[in-house]
Each structure stands twice: as structure tokens, then as C-alpha cells.
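Q: Could you have a look at this structure, given as C-alpha cells, before my questions?
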Amino acid sequence: MIGVPVPLVAVRVLLLLWTGIVALVYFLSLVGLVVVEPVWFERQGGLTRGTALALTAVAALRLPFQVYVAATLGRGGRRTRLLVRLTVVFGYLCAAVDRVNGVNPVLAVAVPTLLLLLNEIGPSRRWYTGVVRLEVPGRPDASGRTGRSA
């Protein structure tokens, strides 16, 4: 990822870490949902086992997408920026699913928010639009100015 701004490198690392942690949590949740007796769900007064399994499985479908976005982040362009934004939207939707399942969604809201901030700050935005300028001393840039300070 030569030339990729540091915030986008942080986005890639955060996406991969987040995907790994969420995959582990969803796996353990699915195991727990299968092992728990149906009577427990009735006492909780919330979702049925089938509904909780379905919501968790649907939320887990985003994980391959997140890995794809992290893998293609170095390409740049409007499409990649849109994919990161979609990852953030999916993260917020999964936070809502977590809330319905009775899980505290603080981390599920904080990580997508951090991803969005890192994706939209100045260096990242300029890199996506291809406006990154390298200033070389003594060489004129597009405006005709040299890289030296006057």
C-alpha cells in the first residue's frame, strides 16, 4: 500500500481486526443459541431461538464483504470509498440487530463511526479523488510553483 495515507492503513487494520473479533463473537453466539434450551428463551420473553439464530446468521453475512473491502482498499477511487461507507452502514445495521438480540451495541457503533471518520478526513478524501500532490524541491507542480517555500 505504497502511497496510501496513514488513516486508510488504519481503516484496513481496523476492518480486519473488527472482522476477526465479530466472527469469533458470532460463532460463540451461534454455539450458545444452539446449546441453550428453548425454555430459556420463553423465560426471557424476547425472541425465539429461531429468530435469534436467523438474525445472527444474517448479521454474519457482512463478514466476507468486510474482508473484501479491506483487501481492495489500496485501489482507491470513488468505488472503494463507497464500499467503506457501505461497510459502515452494515455495521450500524448489525448494531441494531445486536440491540434487538439484547446485546449492548456500544462497540458495534463506535467501530463503524471510527471507520467513517478515518475514511472521510482530508488525506483520505484527497487520496480517493486522486488529488494527492507530491512536492519535490525545485520541480514545479501543476500551478507552476516550485516545491520550495518562498
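The values are calculated or read from the model by the stated rules, or taken from the named source; none is laboratory data. The shown structure was predicted, so the numbers you read here are calculated from the model rather than taken from an experiment. For neighbour counting, all protein chains shown are included, and Cβ atoms are generated from backbone atoms with ideal geometry for every residue, glycine included.
Q: So Ala59 passes all but one of these: (1) modelled with pLDDT under 85; (2) more than 28 Å from Glu120 (Cβ to Cβ). Which condition number does it fail?
A: All conditions are met except number (2).
Q: Could I ask something else about it? Whether any residue in the stretch 39-50 is in contact with a helix residue (DSSP H, G or I) (Cβ under 6 Å, 6 or more places away or on another chain), surrounded by 13 or more Cβ atoms within 10 Å (Cβ to Cβ) and without any contact (Cβ under 8 Å) to a residue 12 or more places away in the chain is what I want to check.
A: yes
Q: So if I check each of Leu93, Leu134, Leu82, Leu86, which one is within 15 Å of the chain's Cα centre (by Cα), within 18 Å of Val4 (Cβ to Cβ) and either at pLDDT 85 or above or not β-branched (Val, Ile, Thr) (or both)? Don't jump to the end; show me each part of the working.
A: Values: Leu93 fails: within 18 Å of Val4 (Cβ to Cβ); Leu134 fails: within 15 Å of the chain's Cα centre (by Cα); Leu86 fails: within 18 Å of Val4 (Cβ to Cβ).
Residue meeting the stated conditions: Leu82.
Q: So is Thr51 more than 21 Å from the chain's Cα centre (by Cα) and hydroxyl-bearing (Ser, Thr, Tyr) or not?
A: yes
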